[in-house]
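The structure appears below as structure tokens.
The values are calculated or read from the model by the stated rules, or taken from the named source; none is laboratory data. Computed from a predicted model, the values in this text were never measured in an experiment. Neighbour counts run over all protein chains shown; Cβ positions are idealised from the backbone, glycine included. We work out accessible area using only protein heavy atoms, side chains counted, and drop any ligands, DNA or RNA first. Shrake-Rupley method; radii C 1.70, N 1.55, O 1.52, S 1.80 Å.
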Amino acid sequence: MGEVIEVNGPIVTIRHAGIRNGEQVRIGDLGLIAEVIHLREQNALVQVYESTESLRPGEQVTGLGHPLSVELGPGLLGQIFDGVQRPLQKIMQLSGENISRGLLVDALDREKKWHFVPDENLVVGYKLSAGEILGTVQETETIEHRILTPPDCVGEIIEHAPEGDYTVEEVIARVSNDSGSVFELKMYHKWPVRTPRPYHTRSNSIVPLITGQRILDTFFPLLKGGKAAVPGPFGAGKTMVQQQIARWANADIVLYVGCGERGNEMVDILQSFPELKDPYSGRSLMERTFLVANTSNMPVVAREASINVGVTMAEYYRDQGYDVVMVADSTSRWAEALREVAGRLGQMPVEEGYPAYLASRLAAFYERAGMVSTLSDKTGSVTLIGAVSPPGGDFSEPVTSHTKEIIRTFWALSKSLADARHYPSVSWLESFTSYDDRAAAWWSENISPQWANRREQALSLLSEADELERIVNLVGPEALSSSQRWVLESSGLIKEAVLQQSALDPVDSYCSPQKQFNLLELMLRYHDAGVELINLGVPVEQLIKLPYSAQLKRLKSAVSNDDLQDLEHLADRIRKKFDEMRAEYSKEKEVIL
Amino acid sequence: MSDLEYRKVSSIHGALMFLKGVKDIAYGDRVVIRDRQGQKRNGQVIRSSADVVLVQVFEGTNNLDLENTWVRFLDEPFELSLSPDMLGRNFNGIGDPRDGRPPIISNVRHNVNGLPVNPVARSYPREFIQTGISTIDGLNSLVRGQKLPIFSGSGLPHNRLVAQIVRQAKLPGDVSNFVIVFAAMGVSYSDARFFEEEFESSGVLQNVVMFMNLANDPPMERLILPRTALTAAEYLAYEQDHHVLVVITDMTNYAEALREIATEKGDVPSRKGYPGYLYSDLAEIYERAGRLHDRHGSITMIPVLSMPSDDITHPIPDLTGYITEGQIVLSRELHSKSVYPPVNVPPSLSRLMKDGIGKDDTREDHARVASQLYAAYSRAMDSRNLASIIGAEELSSGDRRYLEFADRFENDFVKQGSDDDRSVIETLDLAWELLSLLPPEVLSRVSEEDLQKYHSWDGS
Ligand SMILES: Nc1ncnc2c1ncn2[C@@H]1O[C@H](COP(=O)(O)OP(=O)(O)OP(=O)(O)O)[C@@H](O)[C@H]1O
Ligand SMILES: [Mg+2]
């Protein structure tokens, strides 16, 4: 027991004997939830996850004896949690439309029974190792939940439960360790969020994360287990990119962390995902999705926790052998929460008010991404994708620039593209990926050996066109040769027919890898044929006047992933017309000669 | 409520007052201060320790001294008395009447800070509001429960625009049923008068609650005014079933008051001297807009802010844009070309438009037409740019068409009268009239069916 000494917004000073740094405490008559972040002589500073209004000096404080931890077990999927893993649906039942303070709610439902099927190894006398699978529970139609031995527990099974229906609080096994103490294992365990969960080894990822978004998959690919950032000014489309990934990525599990962003964006997912079908399993998307929400009007301090709470749950599904994607919108709000607390602690700010440890905290977070061989010898991965919201859209600010050093795929959103409603507004000049070689191997094997060449060709066409546009803006279009004007035309075609992809278009929202490649290849074939005709003497104006460009630009929404052969109808018409022109001009050439 | 009055002020600076030797005061407590003349001021506890209490004084500390200042802690947070009788009334930032009429007496009292809305309780806003303004309805539609700010600049006609929206906003085919909460901070007397007359002449005055803090009123009161106003709005929306339109002007004055107090407290500044928590603080205000599942009413919010030196990257518009669901940006250039409303289309955005428009709400082509207008106008800006380099005469016929499109777009579509109340269908028809200046092969954002149905290209 201790007592409150001072209340300064979310930072409260307490006097408490024997409290440990990082420990959870409950404060005052309301029982506000807080975490010790600093010890100073006999006082401790705590950050409070809830508003401290009406708290006064002298109120009581109780230490809970453990650090901020999450409950890991069946029943996480389909849920929405707050920044300290309290289920928001339950909270609404308890306190109505507004979140009242001091509520203690278990993350996992204590009443619900799950049908537990023990693993064959689960026999008396078996030596259980840490992280091993005890059995399974069908968590949703699509996801089999593998009940794991806690990573810090080893020993011999002395008793276990048979197949049957159990709540998470019921004991499914008793284990005795070397020194003879007996542990009870349940279908869930707790894990401290600031400690990464252990695994055997890291493995090199070689599989791209397919998101169904052409500019991402084809141009700036990300691998499963990789780390990516989406920076961009407000309104550029960060949330849309992340929502699209959450919808369409070929992952087993998706965790959406709304960190300091809008309440309505959470609602959007909660209302739309149950209706949407996972393109891989054909089942409702909500069966593989769960959310953590600390919206911008919720207390700042819990924002910092929300990211760690999220990534720990992501690691837990990874440890079951799943490919997990966690999107975090926005890591800037998380960094600002760090700054806020650092400021209140009087820590020395180094850049724009941020504390010196900003970069290392960011790195530690992204380091939790990866593909691993788990303690139970399965392969699982956590892919981390963080949005970054730079003040004024300036990428040189601390959070963006540090993040850029850490991540391997950078999807830079551009205000000028967004202003022209070119979505996704991913800039082909500023974005980068260092996974392209490994992605190329996959595309070459599974889609087409031409993938890398075509991608390369498109990227250089785009950058050549940017250069030409600069010239036009200086001296006018007259300075360009015919083939240069054709490059401009073709880059416009690539931008509209391939790069732009409306999330709101029911046909084009998800584009299969095969369709991505076929579209790109078709546009480039059109370009190549044009170059050939121009070399034969066909005036470029004549090519530009052809009606095909507009038709090619509509193909993405006209032809669905399942009807790719329809792309060839237009291709045939173009081929016929081009053959005629070729014949005509080759003849002319002969006559002149 | 406590009757105890302390005379323990130990120091005063700016709007802050330190008290020594008062015990166990609750953080956030409401405070009443009595000066030597017996005049009352209002304050709030912003830090509390076992022996020192820090109070911010909304009316400022001018003329207070250490000896003759009496402080009473009310042992309660800031609350507002709420009743339907608020309609037609005018209050200050703390909720005291400004109109000489008696204060609101009611058993219903709510904490002005509210509690955060559980996202699960929200219902996604999707009912299209017709404002009669083409750049909003056609390109950046507003829906019930949205927060859509106007980014303006000094001397730009944001007041006229807001007044027009307030006058014309309704669901298509309906009559207006909005109740208006008008929150003014640091506005001039003449601007306040303009709105009062506006409300009076359009006959809505009885449906308006005003919370006013004028340019010469105490600036620190602005810290609490939007919270008071929103508490009233929540009551009207969720307990009285009204659809409420909240106009808050000017958020820049709010943010400046916040910066002032933060500096006095010694908070670590982030950009341009604004405290790092400006984002969260603004979000506490803006996120109070919305719709809830089980409530009939809604809160639609139109905050107005002036961008210091017209800079959209300034922290105030920047952080606002990161929180709100889009923004309507006004342009000085269009204003100087006498285009009213001078809506700068490219940077303007409505994020909730997508769910409020289309076949069942406005028209099936709406989303595609809006996207096409954006694309064409952006392309037309390139042509304008080129014309300024090489001269309009040198342009290709394609570029010349775009030039004409841009001029007509600004003069016919963007520009409209203060009384011009266009239906959304009129707006969309007008859009097609402009798109008909361009040949079908450049209009790839609309569908072939749209072209057949609405596009009239004469082939010239
Ligand atoms: N791929 C897309 N397809 C269609 N529309 C899009 C797409 N991406 C973005 N948009 C449009 O842009 C708007 C803004 O996007 P979004 O909300 O994702 O921006 P943001 O970068 O997350 O902004 P903030 O930082 O303020 O949260 C969306 O509401 C939508 O109208
Ligand atoms: Mg966003």
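In segment A:411-489, the alpha-carbon atoms span a convex hull of 117 Å³ per residue.
Listed by chain and number, the lysines whose C-alpha is less than 23 Å from the C-alpha of B:LYS8, apart from same-chain residues fewer than 8 away, are B:LYS20, B:LYS23, B:LYS40, B:LYS265. Could you tell me which of rounded, prolate or oblate describes segment B:80-356, using a ≥ b ≥ c as the square roots of the eigenvalues of the alpha-carbon gyration tensor, with rounded for a/c under 1.5 and, failing that, prolate when a/b is larger than b/c and oblate otherwise? Rounded shape, in that the Cα axes give a/c under 1.5.
Rounded to the nearest Å, what's the spacing between the alpha carbon centres of segment A:35-50 and segment B:288-308? Just the number, please. Cα centroid to Cα centroid, the span is 36 Å. With the largest listed first and rounded to whole Å, the semi-axes of the equivalent ellipsoid of segment A:451-592 from the Cα gyration tensor are 27, 20, 12. For the pairs A:LYS495/B:LYS354; A:LYS112/A:LYS378; A:LYS553/A:LYS577; A:LYS415/B:LYS147; A:LYS227/A:LYS553; A:LYS553/A:LYS576, flag any whose C-alpha to C-alpha distance is greater than 25 Å. Long pairs (Cα-Cα over 25 Å): A:LYS112/A:LYS378; A:LYS227/A:LYS553.
Under 20 Å from a label point 7 Å along Cα→Cβ of B:GLU426: give me every residue in segment B:341-376 with its amide N that close. Within reach of a label on B:GLU426, which here means backbone N under 20 Å from a point 7 Å along Cα→Cβ, segment B:341-376 contributes B:341-343, B:358, B:361-366, B:370. Listed by chain and number, the lysines whose C-alpha is less than 17 Å from the C-alpha of B:LYS453, apart from same-chain residues fewer than 8 away, are B:LYS359. Computed from the C-beta positions of A:ALA479 and A:LEU429 and an R0 of 30 Å, the FRET efficiency is 0.85 to the nearest 0.05. Can you work out the FRET efficiency for the pair A:ARG110 and A:TYR357, with r the C-beta to C-beta distance and R0 = 41 Å, to the nearest 0.05? Once the sixth-power term is evaluated, E becomes 0.60. Working from label points 7 Å from Cα in the Cα-to-Cβ sense, the A:GLN93 to B:SER83 distance is 3.9 nm. The value of relative contact order for segment B:5-76, using C-alpha pairs under 8 Å at least six residues apart, is 42 percent. DSSP assigns beta bridges within the protein assembly as shown; of those with both partners inside it, close to 65 percent run antiparallel. Rounded to the nearest 10 square angstrom, B:THR313 shows an accessible area of 50 square angstrom against a 1.4 Å probe.
With contacts taken as Cα pairs under 8 Å at a separation of at least 6 residues, segment B:41-157 carries a relative contact order of 14 percent.
Taking the alpha-carbon centroid of each part, what is the distance from segment A:242-299 to segment A:104-119 in angstrom? If we compute the Cα centre of each part, the gap is 22 Å. A:PHE219 sits among other residues whose Cβ lies under 13 Å from its own Cβ, and their net charge, with Lys and Arg +1 and Asp and Glu -1, is 0. Roughly what angle does helix B:225-234 make with the longest principal axis of chain B, taking Cα atoms, 0 to 90 degrees, to the nearest 10? Tilt of helix B:225-234: around 70 degrees. Annotation: extensible slack from A:MET1 through A:GLU405 equals 141.0 nm (criterion: 0.36 nm per residue apart, minus Cα-Cα distance). In summary, no helical segment of chain A meets the span-like criteria, namely a full DSSP H run, a Cα extent along the axis of 30 angstrom or more and a mean Kyte-Doolittle hydropathy of at least 1.0. Take the Cα of A:VAL124, go 7 Å toward its beta carbon, and the backbone nitrogen atoms of segment A:184-212 under 17 Å from that spot belong to A:184-185.
I need to check one value: relative contact order of segment A:364-504, counting alpha carbon pairs closer than 8 Å and at least 6 residues apart, in percent.
Numbers: 102 pairs, mean separation 21.0, N = 141.
Taking the mean separation of contacting Cα pairs over the length of segment A:364-504, I get 15 percent.
Placing a label point 7 Å from the Cα of B:GLU196 along the Cα-to-Cβ direction, the residues of segment B:74-103 whose backbone N falls under 18 Å from that point are B:86-103.
The lysines whose alpha-carbon is closer than 16 Å to the alpha-carbon of B:LYS415, local same-chain residues fewer than 8 away aside, are B:LYS337.
If R0 is taken as 60 Å, the Cβ-Cβ distance between A:THR201 and B:GLU393 corresponds to a FRET efficiency of 0.30. Working from label points 7 Å from Cα in the Cα-to-Cβ sense, the A:GLU532 to B:HIS293 distance is 6.1 nm. Between segment A:197-232 and segment A:514-543, the alpha-carbon centres lie 32 Å apart.
Fully extending the segment from A:THR62 to A:LYS190, taken as 0.36 nm per residue of separation minus the present Cα-Cα distance, adds 44.1 nm.
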